[in-house]
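Student: Structure provided below as structure tokens; questions to follow.
The values are calculated or read from the model by the stated rules, or taken from the named source; none is laboratory data. Owing to the predicted nature of the structure, the values given are computational and were not obtained by experimental measurement. Using ideal geometry, Cβ is built from the backbone for each residue, glycine included, and neighbour counts are taken over all protein chains shown. These accessible areas exclude ligands, DNA and RNA; they are computed on the full protein's heavy atoms, side chains included. Shrake-Rupley method; radii C 1.70, N 1.55, O 1.52, S 1.80 Å.
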Amino acid sequence: MKCVSIAIDGPAGAGKSTLARKTARELGFLYVDTGAIYRTVALKVLRAGADPTEESQVIPLLKGLDISMDYGPDGEQQMFLEGEDVSKAIREHQISGLASKVSAIPAVRDFLLEFQRTQAREHNVVMDGRDIGTVVLPQADVKIFLTAAPESRARRRLLELEGRGQKTDFETVLRDIVQRDEQDRNRPIAPLRQAEDAVLLDTTRLNLEESLAAMLSLIK
Ligand code: C5P
């Protein structure tokens, strides 16, 4: 039987993970956070002391790279790097920028493409990222492009980081978000963009409950 897939793309801090997770729970689908997968590769690059912008240093690390995914008892996606649970480590602020750099390398994207597609072949999924509707699952049943003004995305991201006990400030988070979006939008391969058949959902003026209701009504 064909599985159903819902693709959610958008810039950093648009609320993709929170909304995609809640939507998946509501529908009884699997939630796949593809950003977490890129973050795990970034962590590997960081630990290896490689330059994330240098293909010649990153490509050799992909050979035999052992990345896997599982779901905890509460349904949270967990990431494993060489058997170690790195779900927390990949959320460090520093990893965001590194993931954006590493993800611009075509060999990294190729390496992860099949991994992501397999999830959608085997399960009904809500998958979020930057290129799900355009590259990973171009045949997705529903495509949503989630966005919000940079300032509201930075405010939300700041709250999230503070909630995890990470010290930073609004200006830094805003600058990093804008810089990361620019990198993600302007890379030659799989840039962040709205698929032609995706519906745009702007959550700037919506709270979480309103955004979730809008998302579910688009899907239904
Ligand atoms: O979604 P998250 O902020 O965790 O993603 C981290 C980085 O991974 C993004 O800035 C982007 O560069 C990259 N990414 C990507 N394609 C995806 C998901 C994430 O290039 N499908």
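Student: Can we say ILE95 is part of a helix (DSSP H, G or I), touching a helix residue (DSSP H, G or I) at 6+ places or on another chain (Cβ under 6 Å) and farther than 24 Å from LEU174 by Cβ?
Tutor: Details: part of a helix (DSSP H, G or I): yes; touching a helix residue (DSSP H, G or I) at 6+ places or on another chain (Cβ under 6 Å): yes; farther than 24 Å from LEU174 by Cβ: no.
Spelling it out, it is not the case that ILE95 is part of a helix (DSSP H, G or I), touching a helix residue (DSSP H, G or I) at 6+ places or on another chain (Cβ under 6 Å) and farther than 24 Å from LEU174 by Cβ.
Student: Could you go through segment 88-95 and let me know if any residue there is more than 19 Å from ARG164 (Cα to Cα) and open to solvent by 70 Å² or more (accessible area, probe 1.4 Å).
Tutor: Taking every residue of segment 88-95 in turn, none turns out to be more than 19 Å from ARG164 (Cα to Cα) and open to solvent by 70 Å² or more (accessible area, probe 1.4 Å).
Student: What's the number of the condition LYS2 fails, among (1) open to solvent by 30 Å² or more (accessible area, probe 1.4 Å); (2) among the charged types (D, E, K, R); (3) modelled with pLDDT of 95 or more?
Tutor: Result: LYS2 passes all but (3).
Student: Okay, next question. How many residues are within 12 Å of the ligand (Cβ to nearest atom) and either touching a Leu at 6+ places or on another chain (Cβ under 6 Å) or basic (Lys, Arg) (or both) if we restrict to segment 9-42?
Tutor: 7
Student: Being in contact with an Asp or Glu (Cβ under 6 Å, 6 or more places away or on another chain) and within 13 Å of the ligand (Cβ to nearest atom): is that true of ARG109 here?
Tutor: Spelling it out, it is not the case that ARG109 is in contact with an Asp or Glu (Cβ under 6 Å, 6 or more places away or on another chain) and within 13 Å of the ligand (Cβ to nearest atom).
Student: LEU61 fails exactly one of the following numbered conditions: (1) in contact with a Lys or Arg (Cβ under 8 Å, 6 or more places away or on another chain); (2) touching a residue at least 40 places away in the same chain (Cβ under 8 Å). What is the number of that condition?
Tutor: All conditions are met except number (2).
Student: Closer than 27 Å to ALA107 by Cα and in contact (Cβ under 8 Å) with a residue 60 or more places away in the chain - does that describe any residue in segment 43-58?
Tutor: No: zero hits.
Student: For GLY97, which of the numbered conditions (1) modelled with pLDDT under 95; (2) within 13 Å of the ligand (Cβ to nearest atom); (3) out of contact with any Asp or Glu (no Cβ under 8 Å at 6 or more places or on another chain) fails to hold?
Tutor: With (1) modelled with pLDDT under 95; (2) within 13 Å of the ligand (Cβ to nearest atom); (3) out of contact with any Asp or Glu (no Cβ under 8 Å at 6 or more places or on another chain) applied to GLY97, the lone miss is (3).
Student: Under the condition of being without any contact (Cβ under 8 Å) to a residue 24 or more places away in the chain and closer than 20 Å to ARG193 by Cβ, which residue from segment 108-138 is least open to solvent (accessible area, probe 1.4 Å)? Break it down stepwise before answering.
Tutor: Kept after step one, since they are without any contact (Cβ under 8 Å) to a residue 24 or more places away in the chain, are these residues of segment 108-138: 110, 113-114, 117-118.
Going one step further and asking which of them are closer than 20 Å to ARG193 by Cβ, we end up with 110, 113, 117.
Numbers: ASP110: 107, LEU113: 41, ARG117: 72 Å².
Out of the qualifying residues, it is LEU113.
Student: Give me the residue from segment 23-53 that is surrounded by 19 or more Cβ atoms within 10 Å (Cβ to Cβ) and charged (D, E, K, R) and, out of that set, nearest to THR134 (Cα to Cα).
Tutor: ASP33
Student: Would you mind telling me which numbered condition in (1) more than 30 Å from ARG155 (Cβ to Cβ); (2) of a type in the set (S, T, N, Q); (3) within 14 Å of the ligand (Cβ to nearest atom) SER68 fails?
Tutor: (3)
Student: Give the residues of segment 189-220 that are part of a loop (DSSP other than H, G, I, E, B), at pLDDT 95 or above and open to solvent by 60 Å² or more (accessible area, probe 1.4 Å), sorted by residue number.
Tutor: Scanning segment 189-220 gives ARG193, GLN194, GLU196, ASP197.
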